Amino acid sequence: MAAPAAPPSSPPGPPAAPRILVSLATYNERGNLAPLIAEIRKYAPNVDMLVVDDNSPDGTGRLADELAAADPRIRVIHRPGKLGLGTATLAAMRYAIDNGYDYLQNMDADFSHPPRFLPGILAGMANHDVMIGSRYVKGGGTENWPLARLVISRTLNTLVRFLFRMPVLDASGAFRCYRVSKLKVAHLERTLSRGYSFQQEVLFRCHLVGSRLGEYPIIFENRREGKSKVNQKEAVRSIAMILWIGVNHFFGLEDYKAR
């Protein structure tokens, strides 16, 4: 007697939505934090958020705790002092890895990275491992930048593209989404940069482990509240770091590849 036929299998359900963490590094951003979080919720309602505060004198950290108490999808990391954007981003990356997130979306906390561009950046992750909110692809741009700043930024990105051999036009912006599984293997512990060059170096490390890089056009806007933290001395130091890493890689003088 033939065995009874197995019941038909039910069709697979839709894939689970990715778990997304938005990271915001803060130092004296009290006037921006609450409205920024509200606007992020408007365009990406299902994300978790991580505030990494460097003991802001203006009370940003206390405000972040109050917001987290009212919203369980907000987390806060308090650091003892102003340790820099690079280390704050590394802390967010480690948090995303340790807590099983699929994507880490990094943003500045001063509204220079408008949340209205989040849907386009996140959609691009379907076919990429890093999506860059790009000022320099078609449709992107900057708002009210002096010509000197624009020339320096463009020149630096051209130099990075040449030395690091990465197929992107905007390697210096922090408005990015990362696939966390690639961050796990990108050897972040070897990162040398702590200042502005961090963005170029971490993108380079992702590129070395085979990450597919994509760009989505954004308009970089001026901050809404507070003062800019751009530091000329740190900018010079970061350019020197980019040259050191890039020249060594270009001429094969030091191994920056994943091992």
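Determine whether the range 154-170 contains at least one residue that is aliphatic (A, V, I, L, M) and touching a His at 6+ places or on another chain (Cβ under 6 Å). Yes; the residues of the range 154-170 include at least one that is aliphatic (A, V, I, L, M) and touching a His at 6+ places or on another chain (Cβ under 6 Å). Evaluating residue 113 against the criteria (1) in a loop (DSSP other than H, G, I, E, B); (2) open to solvent by 30 Å² or more (accessible area, probe 1.4 Å); (3) modelled with pLDDT of 95 or more leaves one unmet condition, (2).
Quick one: in the range 174-193, which of the residues that are farther than 13 Å from residue 104 by Cβ and out of contact with any Asp or Glu (no Cβ under 9 Å at 6 or more places or on another chain) is most open to solvent (accessible area, probe 1.4 Å)? So, considering only residues that are farther than 13 Å from residue 104 by Cβ and out of contact with any Asp or Glu (no Cβ under 9 Å at 6 or more places or on another chain), the one most open to solvent (accessible area, probe 1.4 Å) is 189. Filtered by the rule that a residue be open to solvent by 20 Å² or more (accessible area, probe 1.4 Å) and either in contact with a helix residue (DSSP H, G or I) (Cβ under 9 Å, 6 or more places away or on another chain) or in contact (Cβ under 8 Å) with a residue 24 or more places away in the chain (or both), the range 92-108 gives 94, 95, 97, 99, 100, 102, 103, 108.
Taken together, the residues in the range 123-160 that are under 16 Å from residue 211 (Cβ atoms), assigned to a helix (DSSP H, G or I) and either open to solvent by 20 Å² or more (accessible area, probe 1.4 Å) or acidic (Asp, Glu) (or both) amount to 1. Looking only at the range 127-157, residues that are touching a residue at least 12 places away in the same chain (Cβ under 8 Å), farther than 13 Å from residue 169 by Cα and β-branched (Val, Ile, Thr) come to 2 in all.
The values are calculated or read from the model by the stated rules, or taken from the named source; none is laboratory data. Because the structure is predicted, anything quoted here is derived from the model rather than measured. For neighbour counting, all protein chains shown are included, and Cβ atoms are generated from backbone atoms with ideal geometry for every residue, glycine included. With ligands, DNA and RNA removed, areas are computed over all heavy atoms of the protein, side chains included. Shrake-Rupley method; radii C 1.70, N 1.55, O 1.52, S 1.80 Å.
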